[in-house]
Amino acid sequence: MVGPSRQRTPNPHLGAYYGIVASAFVSLAILLALAEQLGWSDGSIARLMMLLPLAFYLVIAGASRTLDIEDFFASGRRVPPVYNALVLAAITVGGTGFFAYTGAIFFLGFDALAIGLGWTCGLLLASVLFVPYLRRAGAYTLPAFLGQRFQSREARIAAGAMLIAPTALLLAAEMKIAAAVFAIFMPLPFWLAVLLIALFVAAAGILGGMRSLTWSGSAEFIAGAIGLAVPLIVVSVLLTHLPAPQFTYGEMFGSLQGAETAAGMSPVGPGEIVPVLPETTPLQAGKPFLQSFGTITRTGFFAIFLCIALGTAALPTLLSRSGVTCSVADQRRSTAWALALVALFAITAPSLAAFAKILMFRDMALVPTEGLPAWLSVLSQLQLAQARDVNGDGVIAAGELFVMRDGVALALPILAELPYVLTALMAAAGLAIALAATGSHLFTLGTGLAEDIYGVIDVRPIELPRLMVVWAAIAACALVAAVFLLVAEVDALRSALTAFAFAGATFFPILLLAIWWPRCTAWGALASLGTGFGILFLCLTVGGFFGIAETATGICAASLMAGVLALGAGVAASLYGPAATPSDAAYFEAMRRPDGETLFDQAQARATAAEQRANEE
Amino acid sequence: MAEPVTEIENAARDRHQLRTLAVAITTTSAVLCAVTVAVIYAMPLNRLWFLHFPLGFYLLAQGLLIFAIVVAFWYVRVQERIDHTRSINEEIA
């Protein structure tokens, strides 16, 4: 049996490699821009802009292939903080953030800011409360950490089973987004796009596990950041003459309010966020951008913020990356960098939505039906927007323009009448971020099933079968997710919100108790996990009969209530059940030491030494 | 000789855990309180303008996010110093 690698030196050439990745992506965009001027068709440009980076990501994943256990599950514990931060940010934002969040801001304006704020504060909570201690513990998965902390197979299996809900929901959401973009620009039937995306992410996960996902995910994040920044900066220069959209879109609020008023938008009354959640059909944009608390109440805003913050802090996919850096201090720095990147995206997203809204409604303010702008026909062809003269008065008002929520980011370069290559660049960027997130969620789900459920029941001390079980689980999960997407209508934003609600209600309370309260026991862990998950599950399944958890605010409120009860259940079961054992207390103390080898690796080294001694005897 | 060393180690550990807890509470409560205040007073703050943005909107769209970044890196720095102090104390012990 091969012992865990002790080499902790990151590759010194990583900066050069990723400089090449960034240069290659930029060069491809420039070459395709030249090709567009030479008369290449839009279809060829879009296909090359999608497929060449995809092939590149796959090559990186293939080059990172491994059969070493530590590399497969923890990327060798030698990922530099910034590279881990790139993948953490891609997982947090994902394709859902890239497309659905920007769309939600387009429709809801101020009221949707709770989501971006929740992600950022969630990463801060994770950084302060959980991540350093999980790095010190060194478990490969979140349920494995709980199993080690409480020395309880039951707690590990229960956590493994409950991890399925949030991870599978996020997997479905991200895969849906990736497949939808791929289907639009390739162009392909949706079912084929879903299968190809499932095949791609399963291949990346199977080839090298966490190692492949780290290095291909870093490349995907860089492509995503460049692809988002370039079209947005161009639009910003066109509209405000400055290349800093985050700080200049405020200057356009006067124009935006004028366009909204001319298009017939008026302040809406307190209602619900629900009209924006189902995105199967194009929606009307009826709420002014700057109106505060128009579609949700102040309490609803805070509930959504807190639910997403707690869900992000306890998201199994993010926390499973807590063991990949060289030290506890590096892991802390890594999470801080991830927070900075996510915050930068959250600061940028409203500018994208505001520019899109200005461009759309400036041109659409009571336009006669015969004189519709050229971009509308392009958006209609891509099924991103359509105008219908509903009342037959011969003009199109705001209420007669129907826009796909998840297509707002893609619509921006078209609305600004930029070269087609920038639309393809934006699509390739969103696809890259969605693929990075999809791969990580798939890996977390597959390892959760293989390691924390099957692995606990059927322990085999041979390396290859252990990896083969994980490969099989990843492949099976990818297939099931693809089939699910083909038979079910999935709204990415609603799925993601429900996933964060599950993560917050199920895992936040027990992680808080396990890491910060030495008295917490396995009984407390089981009670907390069961209460949080069970109450939220009941609210989501039968709560509809009683008007509970039907809307986004309702789901978030139910998650917060379940989380509070789970915390209480964990405390009560720990206090009134069997006391913590001395080994539980010793593990707790060891976990809080800031230096030294991870506890998991120490245990592995002891087991290897004992095995060697037994063989010698 | 072993008992005094253990006592010194325990004292260093307890001091480390207390300071870690204090920093964690300070960090999280600072950000959560700032968000709560910004949400409660968003509408009155929107009557003021900052960098061409209504102030309530600016705080929720940018200001609090920048504050969270600053707090996160401040936390990293302070916690590293706390960990370093514990390591030195244990080495002395």
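The values are calculated or read from the model by the stated rules, or taken from the named source; none is laboratory data. Keep in mind that this is a model prediction, so the values were computed, not measured. We place every Cβ from the backbone using ideal geometry, glycine too, and count neighbours over all the protein chains shown.
Kindly indicate whether A:Glu451 is in contact (Cβ under 8 Å) with a residue 40 or more places away in the chain, of a type in the set (D, E, K, R) and more than 26 Å from A:Cys307 (Cβ to Cβ). Full working, then the answer.
Numbers: in contact (Cβ under 8 Å) with a residue 40 or more places away in the chain: yes; of a type in the set (D, E, K, R): yes; more than 26 Å from A:Cys307 (Cβ to Cβ): yes.
In short, yes.
Return yes or no: is A:Phe56 under 21 Å from the mean Cα position of the chain (by Cα) and either within 12 Å of chain B (Cβ to nearest Cβ) or within 29 Å of A:Leu199 (Cα to Cα) (or both)?
Details: under 21 Å from the mean Cα position of the chain (by Cα): no; either within 12 Å of chain B (Cβ to nearest Cβ) or within 29 Å of A:Leu199 (Cα to Cα) (or both): yes.
For A:Phe56, the condition - under 21 Å from the mean Cα position of the chain (by Cα) and either within 12 Å of chain B (Cβ to nearest Cβ) or within 29 Å of A:Leu199 (Cα to Cα) (or both) - is not met.
Over 30 Å from A:Val82 (Cβ atoms), hydrophobic (A, V, I, L, M, F, W, C) and either in a helix (DSSP H, G or I) or touching a Lys or Arg at 6+ places or on another chain (Cβ under 8 Å) (or both), is that true of A:Leu376? Even if it seems obvious, please write down each step before you answer.
Numbers: over 30 Å from A:Val82 (Cβ atoms): yes; hydrophobic (A, V, I, L, M, F, W, C): yes; either in a helix (DSSP H, G or I) or touching a Lys or Arg at 6+ places or on another chain (Cβ under 8 Å) (or both): yes.
Yes: the conditions hold for A:Leu376.
Pairs needed: first member in the stretch A:410-439, closer than 19 Å to A:Glu36 by Cβ; second member anywhere, of a type in the set (Asp, Glu); C-beta distance under 7 Å; at least 6 residues apart or different chains.
A:Pro419/A:Glu36; A:Tyr420/A:Glu36; A:Tyr420/A:Asp42; A:Val421/A:Glu36
Out of the residues in the stretch A:315-340 meeting the condition of being assigned to a helix (DSSP H, G or I) and away from every other protein chain (no Cβ under 14 Å), tell me which one is nearest to A:Ala501 (Cα to Cα). Outline the logic, then answer.
At the first step, the residues of the stretch A:315-340 found to be assigned to a helix (DSSP H, G or I) are A:316-319, A:328-340.
Filter again for away from every other protein chain (no Cβ under 14 Å), leaving A:316-319.
Numbers: A:Pro316: 13, A:Thr317: 14, A:Leu318: 15, A:Leu319: 16 Å.
Of everything passing the filter in the stretch A:315-340, A:Pro316 is nearest to A:Ala501 (Cα to Cα).
Report, ordered by the first and then the second residue, all pairs with beta carbons closer than 9 Å, sequence separation of six or more or different chains, a first member in the stretch A:599-611 that is closer than 22 Å to A:Ser322 by Cα, and a second member that is of a type in the set (Phe, Trp, Tyr) and assigned to a helix (DSSP H, G or I).
A:Leu599/A:Tyr587; A:Phe600/A:Phe145
Residues to consider are A:Ala614, A:Ala590, A:Ala610; find the one that is more than 29 Å from A:Ile164 (Cβ to Cβ) and surrounded by 13 or more Cβ atoms within 10 Å (Cβ to Cβ). Break it down into steps so the answer makes sense when it comes.
Working: A:Ala614 fails: surrounded by 13 or more Cβ atoms within 10 Å (Cβ to Cβ); A:Ala610 fails: surrounded by 13 or more Cβ atoms within 10 Å (Cβ to Cβ).
From the options A:Ala614, A:Ala590, A:Ala610, the qualifying one is A:Ala590.
Scan (1) touching a residue at least 12 places away in the same chain (Cβ under 8 Å); (2) surrounded by 15 or more Cβ atoms within 10 Å (Cβ to Cβ) for the single condition A:Gly43 breaks and write down its number.
(2)
Can you run down the residue pairs with Cβ atoms below 7 Å, 6 or more apart or on separate chains, where the first is in the stretch B:52-66 and more than 7 Å from chain A (Cβ to nearest Cβ) and the partner is aliphatic (A, V, I, L, M) and in a helix (DSSP H, G or I)?
Sorted first by the residue in the stretch B:52-66, then by its partner, the pairs are B:Leu55/B:Leu45; B:Leu59/B:Ala38; B:Leu59/B:Leu45.
Every residue, every condition in (1) under 18 Å from B:Ile69 (Cα atoms); (2) polar (S, T, N, Q), yes or no:
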residue	(1), (2)
A:Ala63	no, no
A:Ser75	no, yes
A:Gly97	no, no
A:Ile115	yes, no
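Scan the stretch A:242-263 for residues that are charged (D, E, K, R) and under 20 Å from A:Ala387 (Cα atoms) and report the count.
From the stretch A:242-263, those charged (D, E, K, R) are A:251, A:260; that's our starting set.
Remaining after also requiring under 20 Å from A:Ala387 (Cα atoms): A:260.
Qualifying residue count for the region: 1.
Does A:Ala590 satisfy the criteria of being assigned to a helix (DSSP H, G or I), within 14 Å of another protein chain (Cβ to nearest Cβ) and in contact with a helix residue (DSSP H, G or I) (Cβ under 8 Å, 6 or more places away or on another chain)?
Values: assigned to a helix (DSSP H, G or I): yes; within 14 Å of another protein chain (Cβ to nearest Cβ): yes; in contact with a helix residue (DSSP H, G or I) (Cβ under 8 Å, 6 or more places away or on another chain): yes.
Considered against the rule, which asks whether it is assigned to a helix (DSSP H, G or I), within 14 Å of another protein chain (Cβ to nearest Cβ) and in contact with a helix residue (DSSP H, G or I) (Cβ under 8 Å, 6 or more places away or on another chain), A:Ala590 comes out as yes.
What number goes with the only condition from (1) at pLDDT below 90; (2) surrounded by fewer than 20 Cβ atoms within 10 Å (Cβ to Cβ) that A:Leu195 does not pass?
Single failed check for A:Leu195: (1).
Can you tell me which residues in the stretch A:25-78 are of a type in the set (Asp, Glu) and in contact with a helix residue (DSSP H, G or I) (Cβ under 7 Å, 6 or more places away or on another chain)? Give the steps one after another, and end with the answer.
Within the stretch A:25-78, the first condition is being of a type in the set (Asp, Glu), and the residues that meet it are A:36, A:42, A:68, A:70-71.
If the condition is that a residue be of a type in the set (Asp, Glu) and in contact with a helix residue (DSSP H, G or I) (Cβ under 7 Å, 6 or more places away or on another chain), then A:Glu36, A:Asp42, A:Glu70, A:Asp71 are the ones that fit.
Do we find a residue being within 14 Å of chain B (Cβ to nearest Cβ) and either surrounded by fewer than 24 Cβ atoms within 10 Å (Cβ to Cβ) or under 12 Å from the mean Cα position of the chain (by Cα) (or both) anywhere in the stretch A:94-108?
yes
Could you say which residue among B:Thr27, B:Thr6 is among the β-branched types (Val, Ile, Thr), more than 9 Å from every other protein chain (Cβ to nearest Cβ) and assigned to a helix (DSSP H, G or I)?
Working: B:Thr27 fails: more than 9 Å from every other protein chain (Cβ to nearest Cβ).
So the residue among B:Thr27, B:Thr6 that is among the β-branched types (Val, Ile, Thr), more than 9 Å from every other protein chain (Cβ to nearest Cβ) and assigned to a helix (DSSP H, G or I) is B:Thr6.
Could you please let me know if A:Glu174 is farther than 22 Å from A:Ile433 by Cβ, of a type in the set (Asp, Glu) and part of a helix (DSSP H, G or I)? Spell out the reasoning first.
Details: farther than 22 Å from A:Ile433 by Cβ: no; of a type in the set (Asp, Glu): yes; part of a helix (DSSP H, G or I): yes.
No.
Could you grab the pairs with beta carbons closer than 9 Å, sequence gap of 6+ or different chains, first residue in the stretch A:289-305 and facing chain B (nearest Cβ under 9 Å), second one part of a loop (DSSP other than H, G, I, E, B) and of a type in the set (Phe, Trp, Tyr)?
Here the result reads A:Phe301/A:Phe293, each pair linking the stretch A:289-305 to a residue that is part of a loop (DSSP other than H, G, I, E, B) and of a type in the set (Phe, Trp, Tyr).
Which condition breaks for A:Trp119 when tested against (1) surrounded by fewer than 24 Cβ atoms within 10 Å (Cβ to Cβ); (2) within 14 Å of chain B (Cβ to nearest Cβ); (3) not aliphatic (A, V, I, L, M)?
Result: A:Trp119 fails condition (1) only.
Let me spell it out: the conditions are (1) closer than 27 Å to A:Met591 by Cα; (2) over 21 Å from the mean Cα position of the chain (by Cα); (3) of a type in the set (Lys, Arg), and A:Arg333 meets all of them except one. Which number is the exception?
(2)
Filter the stretch B:70-85 for residues that are more than 7 Å from every other protein chain (Cβ to nearest Cβ) and charged (D, E, K, R); which is farthest from the chain's Cα centre (by Cα)?
Filtering first and then ranking leaves B:Arg81.
If I ask for residues that are outside any helix (DSSP H, G or I) and either of a type in the set (Phe, Trp, Tyr) or more than 10 Å from chain A (Cβ to nearest Cβ) (or both), which ones from the stretch B:31-51 would you list?
Just the residues of the stretch B:31-51 that are outside any helix (DSSP H, G or I), to begin with: B:41, B:46-51.
Those that are outside any helix (DSSP H, G or I) and either of a type in the set (Phe, Trp, Tyr) or more than 10 Å from chain A (Cβ to nearest Cβ) (or both): B:Tyr41, B:Arg47, B:Leu48, B:Trp49, B:Phe50.
Would the stretch B:24-47 turn up any residue that is surrounded by 14 or more Cβ atoms within 10 Å (Cβ to Cβ), of a type in the set (S, T, N, Q) and over 19 Å from the mean Cα position of the chain (by Cα)?
Checking the stretch B:24-47: at least one residue is surrounded by 14 or more Cβ atoms within 10 Å (Cβ to Cβ), of a type in the set (S, T, N, Q) and over 19 Å from the mean Cα position of the chain (by Cα).
In the stretch A:242-272, which residues are over 30 Å from the mean Cα position of the chain (by Cα) and away from every other protein chain (no Cβ under 14 Å)?
Within the stretch A:242-272, A:Gly258, A:Ala259, A:Glu260, A:Thr261, A:Ala262, A:Ala263, A:Gly264, A:Met265, A:Ser266, A:Val268, A:Gly269 qualify.
Pull up the stretch A:51-101, narrow it to residues that are β-branched (Val, Ile, Thr) and touching an Asp or Glu at 6+ places or on another chain (Cβ under 7 Å), then point me to the one that is modelled with the lowest pLDDT.
Restricting attention to the stretch A:51-101, the residues satisfying the condition of being β-branched (Val, Ile, Thr) are A:59-60, A:66, A:69, A:79, A:82, A:87, A:91-93, A:96.
From what is left, the residues that are touching an Asp or Glu at 6+ places or on another chain (Cβ under 7 Å) are A:69, A:96.
Numbers: A:Ile69: 86, A:Thr96: 92.
Taking the candidates together, the pick is A:Ile69.
Has the stretch A:524-547 got at least one residue that is touching a helix residue (DSSP H, G or I) at 6+ places or on another chain (Cβ under 7 Å), surrounded by fewer than 23 Cβ atoms within 10 Å (Cβ to Cβ) and assigned to a loop (DSSP other than H, G, I, E, B)?
No, there is no match, as no residue in the stretch A:524-547 is touching a helix residue (DSSP H, G or I) at 6+ places or on another chain (Cβ under 7 Å), surrounded by fewer than 23 Cβ atoms within 10 Å (Cβ to Cβ) and assigned to a loop (DSSP other than H, G, I, E, B).
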